[in-house]
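Data block below; observations after.
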Amino acid sequence: MIGYFLGWLALLGAAMPVAFSLAVMSVAWLIVNDQPLGAAAQRMIAGVDSFPLLAVPAFVLAGHLMNAGGVSEGIYTFAKCLVGHFHGGLAHVNVVGSLIFSGMSGSAIADADGLGLLEIKAMREEGYKPEFAGALTAASCVLGPLIPPSIPMVIYGVIASTSVGALFLAGIVPGLLTALFLMIYVAIIARRQNMKRHPRATAGQFWRALREAFWALLTPVIILWGIFGGVFTPTEAAAIAAVYALVLGLFVYRAIGFGDLPRIFREAMNTSAVVGFIVAAASLFSWVLARERVPQIVAEWLLGITHDVNLMLLIVNIVLLVLGCFMEGIAIMILMVPVLLPVMQQLGVDPVHFGVILVMNLMIGILTPPFGVALFTVAKVGNIPFEVLARAIVPFLVPLLAVQVIITYWPGLVLFLPRLVYG
């Protein structure tokens, strides 16, 4: 099996996309072990044949519709009324705007791509350094998969056979804590550099901004009320979010027309197809690993190192952070959850708690070079050189890692809301 891992790494080093490299090495395993090639198609189809996974393309479509439908501008204006009067006002607006938008898209990249252009442009016009604006935009976009709805948590819930609703609730406190730590960091920098602050919004300005953003702000309320009120499942909530986003864009904000829909649907379909193929290819590779008993071997090896849960959590965090530098988050999740979750459960770690730890690690991974997806997205939308942005993101990793330590070793903070609702 070591030869297959080395071959996979060689393909990655040759710049082959992760999903294709996983599929190629899995097919190679089938050939070498004289297995029917039809098994590849069967396992890949089985990997995506899941009702909960239908939430992913629906949330992707909702995110694209929100970005195109004029929602970003309303959210940005509302966030500016809330925190624009702080030192470094637009930097705080960046974080609060991402916090609000995260309750609608479920995706870090949708946040970076949607609000990112608006935030970076406004900050540049006020004299902020482009690299600071871009790094903050990238760092704040990690809120997208923490605050429900969350595409990565849907995928983890499917793999781990864990309640998606409980995972959504578990992400709320870590998401709010991440926003708080980012704002504290911004406040420190803003005072040191005497960054600009805006006049406090008047009551009239606040109510106008709230009225403009009101229908968009209802999105997370509808989603969470429906899921936790037992009205619909997370998958159905994703479909409702997409329809609601479509109504907002067409009839409320009127930022898109029926002629724009083919382009929006095509973009959402392309994104969903990429995610789906990653899930399918990684599912096939995971099946190969299971046939080779890799999860059991890794579990025995890890438990041979230590049975101390705190030390094991530290090891797992380090492994996931390193993997996040080189691989796409969904692929890491599908490959590593079957390997690591049994070890975590054997040591008494709640699957919901581990899911939040995993997602937070993956979100830090999209910020770390050389393959940080969020960095590439922000560099593109903000027209910032990737190398410059990669250096600028480093200080913002400190508050994110601090949150990671807290949620890793304080499970009660993560599990408080799920236990409150589900018992």
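The values are calculated or read from the model by the stated rules, or taken from the named source; none is laboratory data. As the structure is a prediction and not an experimental result, all values here were calculated from the model. Glycine gets a Cβ as well: all are built from the backbone with ideal geometry, and neighbour counts include every protein chain shown.
Here the condition is being crowded, with 20+ Cβ neighbours inside 10 Å, among the aliphatic types (A, V, I, L, M) and on the phi < 0 side of the Ramachandran plot; of LEU347, LEU320, LEU311, LEU303, it holds for LEU320 alone. Whether a residue is closer than 24 Å to GLY324 by Cα, surrounded by 24 or more Cβ atoms within 10 Å (Cβ to Cβ), of a type in the set (Ser, Thr, Tyr) and at pLDDT below 80 was assessed, and SER105 passes this test. Got a number for residues in segment 162-221 being of a type in the set (Lys, Arg), in contact (Cβ under 8 Å) with a residue 60 or more places away in the chain and part of a helix (DSSP H, G or I)? Residues in segment 162-221 being of a type in the set (Lys, Arg), in contact (Cβ under 8 Å) with a residue 60 or more places away in the chain and part of a helix (DSSP H, G or I): 1 in total.
Looking across SER21, SER72, SER98, SER102, one residue alone is among the polar types (S, T, N, Q) and over 28 Å from LEU180 (Cβ atoms). It is SER21. Restricting attention to segment 119-145 and to residues that are closer than 18 Å to GLU73 by Cα and of a type in the set (Val, Ile, Thr), the residue that is farthest from the chain's Cα centre (by Cα) turns out to be ILE120. Residues that are modelled with pLDDT under 75 and either surrounded by 19 or more Cβ atoms within 10 Å (Cβ to Cβ) or closer than 16 Å to ILE332 by Cβ (or both) within segment 3-38 comprise PHE5, TRP8, LEU9, LEU12, listed in sequence order. For segment 181-225, filtered to residues that are of a type in the set (Val, Ile, Thr) and under 19 Å from ASN94 (Cβ atoms), the residue that is surrounded by the most Cβ atoms within 10 Å (Cβ to Cβ) is VAL186. Taking first residues from segment 19-47 that are in contact (Cβ under 8 Å) with a residue 60 or more places away in the chain and of a type in the set (Phe, Trp, Tyr) and partners that are in a helix (DSSP H, G or I) and surrounded by 13 or more Cβ atoms within 10 Å (Cβ to Cβ), the Cβ contacts under 6 Å between residues at least 6 apart in sequence or on separate chains come to TRP29/TYR4; TRP29/VAL288. In summary, LEU367 fulfils each of the numbered conditions (1) surrounded by fewer than 21 Cβ atoms within 10 Å (Cβ to Cβ); (2) in contact with a helix residue (DSSP H, G or I) (Cβ under 8 Å, 6 or more places away or on another chain); (3) not in a helix (DSSP H, G or I) with the single exception of condition (1).
Tell me, please, whether a residue that is part of a helix (DSSP H, G or I) and under 16 Å from the mean Cα position of the chain (by Cα) can be found in segment 403-411. Within segment 403-411, one or more residues are part of a helix (DSSP H, G or I) and under 16 Å from the mean Cα position of the chain (by Cα).
When restricted to residues that are touching a Leu at 6+ places or on another chain (Cβ under 7 Å), among the small types (Gly, Ala, Ser) and either surrounded by 22 or more Cβ atoms within 10 Å (Cβ to Cβ) or within 17 Å of VAL352 (Cβ to Cβ) (or both), segment 119-149 contains 5. For segment 1-28, a residue qualifies if it is within 28 Å of GLY157 (Cβ to Cβ) and assigned to a helix (DSSP H, G or I), and the qualifying residues are PHE5, TRP8, LEU12, VAL18, ALA19, PHE20, SER21, LEU22, ALA23, MET25, SER26. Only residues that are more than 24 Å from VAL403 (Cα to Cα) and among the hydrophobic types (A, V, I, L, M, F, W, C) were counted in segment 269-326, giving 24.
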